[in-house]
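The values are calculated or read from the model by the stated rules, or taken from the named source; none is laboratory data. As the structure is a prediction and not an experimental result, all values here were calculated from the model. Cβ sites come from the backbone with ideal geometry, for glycine too, and all protein chains shown count toward neighbours. Just the protein is used for accessible areas: all its heavy atoms, side chains included, with ligands, DNA and RNA removed. Shrake-Rupley method; radii C 1.70, N 1.55, O 1.52, S 1.80 Å.
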Amino acid sequence: MPLTAGYSTVDGVFDEMMDANTGIRSHWNNFLGELGRFSSPALRRFWETAERLVQENGTTYNVYDETGNSARPWRMDPIPFLVDAAEWQHIESGLIQRARLLNAIVSDIYGERKLLSGGLLPAPLVLGSPNFLRPLHGIQPPGGVHLNFMAFDIARAADKRWWVLSDRTQAPSGAGYALENRIVLARTLPDIFRDAQVHRLAGFFQALSDNLIAQTGKEEPLIVLLTPGPHNETFFEHAYLARYLGFPLVEGADLTVRDSKVYLKTLNGLKLVDLIFRRVDGDFCDPLELRTDSVLGVAGLVAAVRARNVIVANSLGSGVVESQALMSFFPGLCKELMGEDLQLPSLATWWCGQESERKFVTENLSRLIVRPNFEKNSILNNNVDSFDGATASDSLRNETINRLNRRGYDYYGQEMLKLSTAPVWMDGALQPRPMVLRVYVCADGDGYRVMPGGLTRITDGLDSRAVSMQQGDASKDTWVLSDHPVSTYSRLAMADQTLALRRSGSDLPSRVADNLFWLGRYAERSENSVRLLRSMILRLAGEAGSGDDPQTLTHLTNVLVDFGYMRRQSARKAVAGGIRAVEREVASLFEHDSPNGLLVLLNNLQRTASLVRERLSADSWRILNGLQRRVIGRAKEVNLNTDDALALLNFILENLAAFSGMQMENMTRSLGWRLLDCGRRIERSRHLAKLIHELAVDGDPAAEGGLDLMLELGDSSMTYRTRYLSSVQLPAVIDLLLVDESNPRSVAFQLAELEEHMMTFPHDRESATLPRERHLIASLRSMVKLMDVHKICSQTNRRGKRVELAHLLERLESQINEISEVLGRKYFSHVLPTRSSSFVGLMP
């Protein structure tokens, strides 16, 4: 399919792809030629593959609405943005110079302040900035490197020159998304990617990691990546980078300061932290000396930095040079500090704290944008408080002039830049859209290194002045081309590099341990609930054989009440109203707005998994993310259709079994795995205790279908039929589900596994007494082993209730709940109480 047809001459549309003299640029021509070899159906399959990979990987950019919901997957255009070698060399050189300049400015601001005293930097733009952190004055990081990692938003204008739109020196986002875009597109177009001689990104991330390690002066330092948490819009990227770089992902509550040293809270105690790679804005990092209302930081962190016991990258307060009002001073500062002309110009900017600049802005408002100095706004994210001269009314124009005359030092004016356009794939064809390129730079030894690529962002519309991920626009992979064969360097260790052999997994952050524990509980809870719903639907459809009678439906409805699916009053009305009324109640559990429904439970499972994504294999994450995504779509089609409902429940069960298999076969037997499995075992024990209590304590469960139902819900029917060639009897069923340690579904098996896990947990080895959790589990195992099954099943009171069995099950459930609470207090005590042990539970 010839993609280049119709674009042989410049028509003012595809700015990045076309040249005024030669037509389509050679590197674009080569790429489009390769792409044009494929038919339209083949290209459609390629793009569907890319979209599927993004969805499977769970790539998201969270934008929270007024209801608190984040609802947008990452959007990636399948056509990369191409930059040839000569053009990239110019960009690279200019950004390295700019990185050195900004680091020198930050160093002076928190050091000698010669630029302020000499009048080269206006004090209002520095001392008045919310990103200027006074407690950090006089603190210099190792080697004087304040800026270890930064980003620059650049764009090409109509004059074909590249301009810097903004500088990101606080905690720049997007590098993880750029890496994800690269991985997806390289898998989508492998042959074209390989033949195009595209620079790889791995070397950049290795340089970033090596530089952070080198700053600590240790061979094996503890470096953590500090995130604001799962509600941050770029949390996906934080987890992604932590996994890729090999750094533990932590939140502020995971760290503590003792004697001016920062420690990571782990199951094995406190571990000294050497460097914090922060994704949290500087003023939120310490509620003691910075923002007192912050819950994201670490109390005492500034004191630890001041004592030189920990390094924070980027250094706290480095965001002081992000204000775009400073851009007009950079050419002079570059000349002063480095003796060089600024290679990449900034977008034309006028700070209105200077009389001549203010006059110029007021006289040229129609072609400028006016913004407050310290709002986090740029051409990438327009704010309603900004004044846009091209669209403003006369009254707003007069109001802005008055404001500038009164408080001009609080504002700056900036040129409106018309962005160049790049080709995007829309509606089966190439179409032009405005684009901005974010390029990343990291410290590398005594200098800086530029990522040979970046995050290209494009608009959905033709507005050439606004590109923003917040507004739902899309991204591109960025291919920097080479004239020579490129290195295929990987972050894997070289063959001749000697590695120290080790067994890892004991230094598990307490918050991660807590989330893994609850991931196991939610996974098991989901499986048990699906089996329960499937059993109910089979009986409503008359397909369950001997047990589909009113008494069995009553039992099942009571179990649904016990597990929080139904309110007791609704259940009673449903049972009194007959099968149709029960059907309506069960059908409501598949609805999206059901507070106790199946989708809420699966959302809890997926969200908990997202909190420990860096601890899960790619396949495990793909199973859970795909399950949640597909179930939401298929649940809409269920309604009262029995076949659809059963197919959906079987689909869920198969995926949960796949996740369980990945857990058992692919996870190393670390403390993290043991806690995940403990959560699963505790939940299964609780479920079985409740189930047996409801179905076996009263009446004649054999005649009422309760025994068959217990075996079905306990996934032990086949085992029973193979072992006993007779009709079901209560003692045999109780033995199989409660006492038999060879049955992986029995309570005894769960208790044995829990005891084995607890033997490996950190504890005081010099103590003469057992830890409380081990005492409880040993007590339960003895109770179950010593029970007389025939006696406990045959003894009933005058009302036919098996009192001893009821007491045993109640004690079992009570002590299992206590074990869960003891584990929480002992190992996760610093984590805020964000969960519930009820059926649906609160999202952790």
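Taking only protein heavy atoms and a 1.4 Å probe, what accessible area per residue, in Å², does the stretch 348-415 have with all protein chains in place?
Working: 3550 Å² over 68 residues.
Accessible surface, normalised per residue, equals 52 Å².
Sort 609-615, 41-47, 201-207 by packing, meaning the average of other beta carbons within 10 Å per residue, with the highest value first. Before the final figure, lay out each step's value.
Working: 609-615: 23.0, 41-47: 13.9, 201-207: 19.0.
Highest mean packing first, the order is 609-615, 201-207, 41-47.
Heavy-atom accessible area per residue, the stretch 126-260, 1.4 Å probe: how many Å²? Walk me through the numbers on the way to the answer.
Values: 4460 Å² over 135 residues.
Ligands and nucleic acids excluded, the result is 33 Å² per residue.
For Asn797 and Asp643, what does the FRET efficiency come to when R0 = 41 Å and r is the distance between their Cβ atoms, rounded to the nearest 0.05? Walk me through the intermediate numbers first.
Working: r = 44 Å, r/R0 = 1.08.
Once the sixth-power term is evaluated, E becomes 0.40.
Residue separation times 0.36 nm, minus the C-alpha to C-alpha distance between Asp483 and Ala307: what's the value?
Details: separation 176, 0.36 × 176 = 63.36 nm, distance 4.87 nm.
Roughly 58.5 nm would be gained on extension.
In what order, largest first, do Ser727, Ser782, Ser173 sit by accessible area if the probe radius is 1.4 Å?
Values: Ser727 80, Ser782 60, Ser173 40 Å².
The residues order as Ser727, Ser782, Ser173, largest area first.
At 20 °C and 1.002 mPa s, grab the translational diffusion coefficient of the stretch 348-415 from Stokes-Einstein with a Kirkwood Rh over Cα pairs, rounded to a whole number in µm² per second.
The estimated diffusion coefficient comes to 184 µm²/s.
Determine, from the Cβ-Cβ distance of Gln729 and Arg45 and an R0 of 45 Å, the FRET efficiency 1/(1 + (r/R0)^6), rounded to the nearest 0.05.
With a Förster radius of 45 Å, E is 0.20.
What residues of the stretch 300-343 lie in the reach of a label at Gln354, counting those whose backbone N is under 15 Å from a point 7 Å from the Cα along Cα→Cβ?
324-336
Output the peptides 405-417, 235-247, 208-220 sorted from most to least packed, where packing is the average of other Cβ atoms within 10 Å over each peptide's residues.
Taking the mean over residues of other Cβ atoms within 10 Å, the ranking is 235-247, 405-417, 208-220.
Could you tell me the center-to-center distance, by alpha carbons, between the stretch 239-258 and the stretch 651-730 in angstrom?
36 Å
For a label point 7 Å from the Cα of Asp619 along Cα→C-beta, name the residues of the stretch 642-677 whose backbone N is under 16 Å from it.
655-669
If you count, for each residue, the other Cβ atoms within 10 Å and average over each peptide, how do 276-289, 26-39 line up from highest to lowest? All intermediate terms of the calculation are to be shown ahead of the outcome.
Values: 276-289: 22.5, 26-39: 16.4.
Per-residue Cβ counts within 10 Å, averaged per peptide and sorted highest first, yield 276-289, 26-39.
Reachable lysines from Lys791, Cα under 26 Å, same-chain residues fewer than 8 places away excluded?
The qualifying lysines are Lys690, Lys801.
If the limit is 29 Å between Cα atoms, which of Lys160/Lys335; Lys335/Lys359; Lys418/Lys476; Lys359/Lys418; Lys114/Lys271 go over it?
Details: Lys160/Lys335 25 Å; Lys335/Lys359 26 Å; Lys418/Lys476 19 Å; Lys359/Lys418 24 Å; Lys114/Lys271 40 Å.
In this structure, Lys114/Lys271 exceed 29 Å between Cα atoms.
Which percent of the accessible area of the stretch 348-415 is formed by carbon and sulfur heavy atoms (probe 1.4 angstrom)?
On the way: 1500 of 3550 Å².
Reported share for carbon and sulfur atoms: 42 percent.
Using heavy-atom solvent-accessible surface (probe 1.4 Å) with all chains present, what is the largest-first order of Phe329, Phe590?
Numbers: Phe329 35, Phe590 15 Å².
Heavy-atom accessible area, descending, gives Phe329, Phe590.
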